[in-house]
Amino acid sequence: MVARSGFPFRLCFAVVVIALGPKLALAQAVADSTSPAAVSAGRDVFHGPGTCVVCHGSNLEGGPMAPTLKTHPWKDAKGGGYNAILSVVMTGVPGTAMVSHPGGISDEDARRVAAYVWAVSHGKTSP
Ligand code: HEC
């Protein structure tokens, strides 16, 4: 008869938790950031104080000043994930009309507007 110690199994479990824990936490954080409330508030920032609408268009279709923010091969916000979009809004794209915190919006509004752009570009909401 083989005596099965619980140790290796517990060790495996611990390794899985340690390996996946931060990723799950990050996924949860992104889910909170892109909540319907954040998306809805972000829509107001986009069309209001953020001035995004002036360059990116009222349907995020882009224009002579700036690229579309709908589903497209993202140039600056690589991959088009929430964090990549947020990073562009926070830091801007040096040497272009895309400045950091357009319209002088707060970090909080930057997160909201990033949630809105993420949601539209992922087909979660309409512009
Ligand atoms: C004055 C015009 C202007 C305004 C206002 C503006 N943008 Fe931009 N935006 C640009 C330009 C130009 C680029 C492309 C930069 C480049 O050449 O790479 C850009 C790029 C971006 C990108 C990256 C697109 C990609 O393909 O990776 C995102 C995301 C973005 N803008 C979001 C916003 C948001 C959100 C707002 C409002 C808070 C905003 N922009 C306001 C001009 C503007």
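Here is how the numbers come out for the structure above:
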{"quantity": "Yes/no for Ala119 being surrounded by 13 or more Cβ atoms within 10 Å (Cβ to Cβ) and either near the ligand (Cβ under 8 Å from one of its atoms) or more than 14 Å from the chain's Cα centre (by Cα) (or both)", "calculated": "no"}
{"quantity": "Complete set of residues in region 29-49 that are under 16 Å from the mean Cα position of the chain (by Cα) and near the ligand (Cβ under 9 Å from one of its atoms)", "calculated": "Gly42, Val45, Phe46"}
{"quantity": "Single residue of region 91-116 satisfying the filter (in a helix (DSSP H, G or I) and touching a Lys or Arg at 6+ places or on another chain (Cβ under 9 Å)) that is nearest to the ligand (Cβ to nearest atom)", "calculated": "Val113"}
{"quantity": "Residue satisfying all of: in region 70-90; assigned to a helix (DSSP H, G or I) and over 20 Å from Ala38 (Cα atoms); nearest to the ligand (Cβ to nearest atom) among these", "calculated": "Lys78"}
{"quantity": "Hey, Ser58 hydroxyl-bearing (Ser, Thr, Tyr) and part of a helix (DSSP H, G or I) or not", "calculated": "no"}
{"quantity": "Count of region 39-55 residues which are assigned to a helix (DSSP H, G or I), of a type in the set (Val, Ile, Thr) and touching a residue at least 24 places away in the same chain (Cβ under 8 Å)", "calculated": "2"}
{"quantity": "In region 55-68, the residues that are within 19 Å of His101 (Cα to Cα), exposed (fewer than 15 other Cβ atoms within 10 Å of the Cβ) and more than 17 Å from the chain's Cα centre (by Cα)", "calculated": "Ser58, Met65"}
{"quantity": "Close pairs (6 angstrom Cβ cut-off, 6 or more residues apart or separate chains): more than 14 Å from Val120 (Cβ to Cβ) and of a type outside the set (Ser, Thr, Tyr) in region 56-67, more than 10 Å from the ligand (Cβ to nearest atom) and modelled with pLDDT of 95 or more anywhere", "calculated": "Gly63/Gly57"}
{"quantity": "Unmet requirement for Leu86, which otherwise passes all of (1) of a type outside the set (Asp, Glu); (2) buried (at least 16 other Cβ atoms within 10 Å of the Cβ); (3) more than 10 Å from the chain's Cα centre (by Cα)", "calculated": "(3)"}
{"quantity": "Some residue of region 70-77 being closer than 20 Å to Leu26 by Cβ, buried (at least 16 other Cβ atoms within 10 Å of the Cβ) and in contact with a helix residue (DSSP H, G or I) (Cβ under 8 Å, 6 or more places away or on another chain)", "calculated": "yes"}
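The values are calculated or read from the model by the stated rules, or taken from the named source; none is laboratory data. In this text, all values refer to a predicted model and were calculated from it rather than measured experimentally. Note that we place each Cβ from the backbone using ideal geometry, even for glycine, and neighbour counts take in every protein chain shown.
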